[in-house]
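The values are calculated or read from the model by the stated rules, or taken from the named source; none is laboratory data. Computed from a predicted model, the values in this text were never measured in an experiment. Here the Cβ is made from the backbone with ideal geometry for all residues, glycine too, and neighbour counts use every protein chain on show.
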Amino acid sequence: MSERKGLQEWTLQIDPEWGLRHMGKCIICGAFSLDTPNASEARDWCLKHAHATGDDSFKLMAIHYGSAIFAEPPSVNGTSPT
C-alpha cells in the first residue's frame, strides 16, 4: 500500500442489491441456515432444527453485505487535494 493510501480513511459501502439478510445459527452444534431476506424464514429454520435435534439455543442475525473502500478526501475549493 502506498503511503498516500495509508493516510486515507476507509468506509464501508453497503451493497443495496442484497438488502438486509437474516440467518439463524444453532449455538449447540454450530449448524446454520442459509441467509434469507425474510426474518421469519430464519426463525422457522431455528424451530425446525430444534424439533429435529432437540437443540434449544440459537442466535438470530441480521446481515448487511458491503465492501471496504477508501473514502473520498474532502475537496478544497471544488478541487481534489490529491
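Inside region 33-42, residues that are surrounded by 15 or more Cβ atoms within 10 Å (Cβ to Cβ) and in a helix (DSSP H, G or I) make up a count of 3. Scan region 3-15 and tell me whether some residue there is of a type in the set (D, E, K, R), modelled with pLDDT under 95 and within 13 Å of the chain's Cα centre (by Cα). Yes, the conditions are met somewhere in region 3-15. Just a yes or no: is a residue in region 64-82 β-branched (Val, Ile, Thr), modelled with pLDDT of 90 or more and surrounded by 11 or more Cβ atoms within 10 Å (Cβ to Cβ)? No: zero hits.
Checking each residue in region 43-60 for being farther than 9 Å from Lys25 by Cβ and either part of a helix (DSSP H, G or I) or under 23 Å from the mean Cα position of the chain (by Cα) (or both) picks out Arg43, Asp44, Trp45, Leu47, Lys48, His49, Ala50, His51, Ala52, Thr53, Ser57.
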